[in-house]
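Novice: My questions all concern the structure below.
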Amino acid sequence: MLFGHFHALSFLRRRYSPVPTALARVPKVLGARLSKFVRLEHRLGGTSIVRIAVSACLLGENCKYSGGNNLCPKLVDALSGHEVIPVCPEVLGGLPIPRPPAEIVHGEVRTQAGESVDAAFRLGAERALDHIEAAGGCDLAVLQPRSPSCGVSEVYDGTFSGRLVPGSGVFVRLLRQRGLRVMQPDEFLTEFASLG
């Protein structure tokens, strides 16, 4: 298993901000490039996967806007043997935990109160990409659905009513501009399971 005790998100916060945050309390993180890994290559869509960037909230990190996580145990199981790079662009952009929910409103990320947090989201996307590249790059990213950072095929419509529309988050758009493949957990699991 790739579980380690290296506090990857705490390391990232220290690297990008001198201000201590809730990330210092992170109890357990999937190891990043700085940990030792067991590499086991799988064939996924014709591409040899050894490094996968994954939304940290999907791995059980309490970094989502509410202070909770989106742990996906099936995804964690499927990642066993892969080199995992946990990322949270919103935290890397300097946003606190917890933080007001945000949605993409006419192309700009805003809170329900109308405050623009677009600059933090874009900075966080760049920093998350820098982290991935510093870890040696990735073959694939598996990201949290519907998020204004990590939404792959749908995002909330900007009315804070729970309505979804086709679209992608700020970080996803950046990864795609760099030619990286991005998937939601269910897509990854379906393709992974099809390998037998």
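Novice: Near Val170, within a Cβ-to-Cβ distance under 14 Å, what is the net charge of the other residues, with Lys and Arg +1 and Asp and Glu -1?
Specialist: Working: positive: Arg110, Arg122, Arg127, Arg146, Arg173, Arg176, Arg178; negative: Glu90, Glu103, Glu108, Asp118, Glu126.
Here the charged neighbours net out to +2.
Novice: From the phi of every residue in segment 51-60, what ³J(HN,Hα) in whole Hz does the Karplus formula 6.51 cos²θ - 1.76 cosθ + 1.60 yield, where θ is phi - 60° and glycine or proline is x?
Specialist: Couplings: 10, 10, 7, 9, 4, 4, 5, 5, 8, x Hz.
Novice: Another question about this same structure. Mind sorting Ser55, Ser161, Ser168, Ser116 by how few other Cβ atoms lie within 10 Å of their own Cβ, fewest first?
Specialist: Working: Ser55 30, Ser161 8, Ser168 22, Ser116 13.
Sorted ascending by nearby Cβ count, the order is Ser161, Ser116, Ser168, Ser55.
Novice: Determine the gain in length on full extension of the stretch Lys74-Thr159; use 0.36 nm per residue of separation and subtract their C-alpha separation, reporting nm with one decimal.
Specialist: Taking 0.36 nm per residue and subtracting the Cα distance, the gain is 27.4 nm.
Novice: If you count, for each residue, the other Cβ atoms within 10 Å and average over each peptide, how do 62-71, 173-182 line up from highest to lowest? Don't jump to the answer; show the numbers that get you there.
Specialist: Details: 62-71: 17.6, 173-182: 15.2.
By packing density, highest mean first, the sequence is 62-71, 173-182.
Novice: Remind me, relative contact order of segment 53-150 in percent, using alpha carbon pairs under 8 angstrom and six or more residues apart? Intermediate values should be presented prior to the final figure.
Specialist: Working: 150 pairs, mean separation 30.6, N = 98.
Answer for segment 53-150 is 31 percent.
Novice: Arrange Val152, Val170, Val105, Val165 by Cβ neighbour counts within 10 Å, fewest through most, would you?
Specialist: On the way: Val152 23, Val170 28, Val105 19, Val165 12.
Ordered by Cβ neighbours within 10 Å, fewest first: Val165, Val105, Val152, Val170.
Novice: Something else now. Roughly what % of DSSP beta bridges within segment 39-170 run antiparallel, to the nearest 5?
Specialist: Values: 11 of 20 bridges.
Antiparallel bridges make up about 55 percent of those DSSP assigns within segment 39-170.
Every read-out reported here was derived from the displayed coordinates using simple, explicitly stated rules and does not represent laboratory data. In this text the structure is predicted, and so the values were computed from the model without any measurement. Glycine also receives a Cβ, built like all others from the backbone with ideal geometry; neighbour counts cover every protein chain displayed.
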